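Computed from the coordinates by the stated procedures, all read-outs in this text should not be read as laboratory data. Computed from a prediction, not measured in an experiment: that's the story for all the values here. Methodologically, a virtual Cβ is constructed for each residue, glycine included, from the backbone with ideal geometry; neighbour enumeration extends over all protein chains shown.
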Amino acid sequence: MIFRVLRWIGLTLLAGLTLLVASSCTMLGLNYASLETANKAAPIPPLDVARLQTPEGRAAGMRMLEDTLYGPWPVGLPVSVGDWRVVNPDYLEGRGTLEEVDITIGEGPGARTFQLVAAFPAAAAANPLVISQTFSSNCATFPEQPVMSEDGDPCTARDNGPMVNFIVTQLFGEYIAEAPVGLYFDAGFVYASFHAGDFIPDSAALAPGAMAGLGAEVNPTGTLMAWAYAFSAAMDVLESDPRVDTNHTSVMGHSRHGKSAMLAAIWDPRIEAVIAHQSGFAGSALSRSQTGETLARMVKTYPHWLAPGAKAYAANPDLLPFDQHLLLALVAPRRLFLGNARRDVWSDPNSSFRAAEAASAMWEAYGKPGLGQGGMQAFDPSHGLVWWLRVGGHSIVDDDIPAFIAFLKARPMPSATSSPGELPSIAAPG
Ligand code: GCU
């Protein structure tokens, strides 16, 4: 009896603590994002769309991102791959297989290895691919599957504690950890996933050393860029797989991983579409906006996400020679889904919408439909630049998944790979 009481006290304290941490990092979402954009500032400076379509203009835009906020894309950082291991040959009652592979990025003693898990539908044909980067361990993303844990052992309660999982999903949605792979199978996709922190830890204390030790001439200096590179490494692994139609590869991430998903698409022309869900500051939200998190708070809490020099810009975003509409525009003409929620003011949907409005001209310039005219509450998943706003907060909930899939399935998809002339080719992956 006494143990049961102590257990409940412990669990209540754990729940309270989690709530406290969650509220300090995502501000529980008690307010509503404003839906009015006409009375707020348009992003500055305006985009020079014609110049951004030239190789020089595009290169200059990418250099600006590297030199101010994100640090360098680690060009040439070696990627090596192990052999696929079949985790479950009868995954989802025989609908496909679940497999995993070791990916090593870097060389020498500081090279880092993480596991990519992929679910392949049983179909004989090559299928389009979605690569998801997650907050959660692979153990939590694929619960009950014998995937490998971060430390190379079988998953234990430490990797996927049911109680912690319960609390996290209550706060951040049913799909914040577990991947709804069956729904992606229904839509005909190969679903690949990795835990970003297994490559570079999401830790201010550990990340700088891990990045500096990767052993390349140009190492990343911010984890967002490093995690973006990991998407590219996953592409390297999957692009030669006959089960994958790599002309149709999308990347997706929530929040910090939505930021890195967009960076990946900017530097890796093999990526055809991006889902950046609630990416917020240093993602789709305008750096000069004072609503929500702000860059200043971000660099204070997560100094390892951006390059060390970003602090000066975070303290005074007016110093930035661009705002985040440039980042969105550099994803074009690849398709981009910006997910938002009305109570997720921390991620600042209102300034994200203004950024999207300003970037929309870039898709139009490539002859693709941009944002559409419906305002912040309209959703057209077939456009080049897609806006999604739902009720609720900072989370991945079951309403989000059909929206993601509708976007992924909307065809014809403009393909960077199938029409290489379209994207000024200046950045080679890896
Ligand atoms: C924090 C952080 C955001 C980030 C989010 C997330 O809330 O302040 O910038 O997007 O974590 O990754 O969930």
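What length, rounded to one decimal in nm, is gained on full extension from Gln373 through to Ala126, with 0.36 nm per residue of separation minus their alpha-carbon distance?
85.3 nm
For the charge dipole of the chain, defined by +1 on Lys and Arg C-beta atoms and -1 on Asp and Glu C-beta atoms about the Cα centroid, which residue among Gly96, Ala365, Pro74 has the Cα displaced farthest towards the positive pole?
Toward the positive end, the furthest listed residue is Ala365.
Explain nothing, just compute: Karplus ³J(HN,Hα) = 6.51 cos²θ - 1.76 cosθ + 1.60, θ = phi - 60°, for every residue of segment 370-382 in order, whole Hz, x for Gly and Pro.
x, 6, x, 9, x, x, 6, 9, 8, 9, 10, x, 8
Using a Gaussian network model of the chain whose springs link C-alpha atoms within less than 10 Å, name the residue from Asp202, Asp153, Asp318 with the highest mean-square fluctuation.
Maximum among the listed residues: Asp153.
Farthest toward the dipole's positive end in the chain, which of His383, Leu326, Val244, given Cβ charges of +1 (Lys, Arg) and -1 (Asp, Glu) about the Cα centre?
It is Leu326.
Based on DSSP H runs of at least 4 residues, each adding -39500 (n - 2.57), what is the mean residue ellipticity at 222 nm of the chain after dividing by all its residues, to the nearest 500 deg cm²/dmol?
-10000 deg cm²/dmol
Which ³J(HN,Hα) values in Hz, rounded to whole numbers, follow from the phi angles of segment 314-330 under the Karplus curve 6.51 cos²θ - 1.76 cosθ + 1.60, where θ = phi - 60° and Gly and Pro get x?
5, 5, 9, x, 5, 6, 5, x, 8, 10, 6, 5, 5, 4, 4, 4, 6
Return an integer: the convex hull volume of the alpha-carbon atoms of segment 2-416, in Å³ per residue.
Residue-normalised Cα hull volume stands at 139 Å³.
Could you order peptides 137-146, 306-315, 251-260, 275-284 by the average number of other Cβ atoms within 10 Å of their residues, highest first? Don't skip to the answer; put the middle values down first.
Numbers: 137-146: 20.1, 306-315: 17.8, 251-260: 26.9, 275-284: 28.6.
Top to bottom by mean Cβ count within 10 Å: 275-284, 251-260, 137-146, 306-315.
With a 10 Å cut-off between alpha carbons and a GNM built on the chain, which of Ile405, Ile271, Ile396 moves the most?
Ile405
If the chain between Ala205 and Ala42 were fully stretched, how many nm would it gain, using 0.36 nm times the residue separation less the Cα-Cα distance?
55.0 nm
Alpha carbon centre of segment 387-406 versus segment 238-313: separation in Å?
If we compute the Cα centre of each part, the gap is 18 Å.
Could you give me the radius of gyration and the Dmax of segment 73-187, taking only the C-alpha atoms into account and expressing both in angstrom?
For segment 73-187, the Cα radius of gyration and maximum Cα-Cα distance read 15.4, 42 Å.
Show me 41-47, 211-217, 324-330 ranked by packing, highest mean number of other Cβ atoms within 10 Å first.
Highest to lowest by the protection proxy: 324-330, 211-217, 41-47.
About the Cα centre of segment 2-416, how large is the charge dipole given +1 on each Lys and Arg Cβ and -1 on each Asp and Glu Cβ? Please answer in debye to the nearest 20.
Values: 27 positive and 40 negative charges, 224 e Å.
Dipole magnitude for segment 2-416 comes out near 1080 debye.
Provide the gained length on full extension for the span Arg63 to Ala212, in nm with one decimal, where the gain is 0.36 nm per separating residue minus the Cα-Cα distance.
Difference between extended and current length: 51.6 nm.
What is the set of long-range amide H partners of Asn127 at a cut-off below 5 Å, with H atoms built 1.01 Å from backbone N?
Val244, Asp245
Cut-off 10 angstrom, C-alpha nodes, Gaussian network model of the chain. Which of Phe166, Phe185, Phe231 fluctuates the most?
Looking only at Phe166, Phe185, Phe231, the biggest GNM fluctuation is shown by Phe166.
Quick one: Karplus J couplings for segment 54-69, per residue in order, coefficients 6.51, -1.76, 1.60, θ = phi - 60°, nearest Hz, x for Gly and Pro?
Per-residue couplings from phi come out as 8, x, 5, x, 5, 4, 5, x, 5, 4, 4, 4, 5, 6, 10, 9 Hz.
I want the antiparallel fraction of DSSP beta bridges within the chain, as a percent rounded to 5.
40
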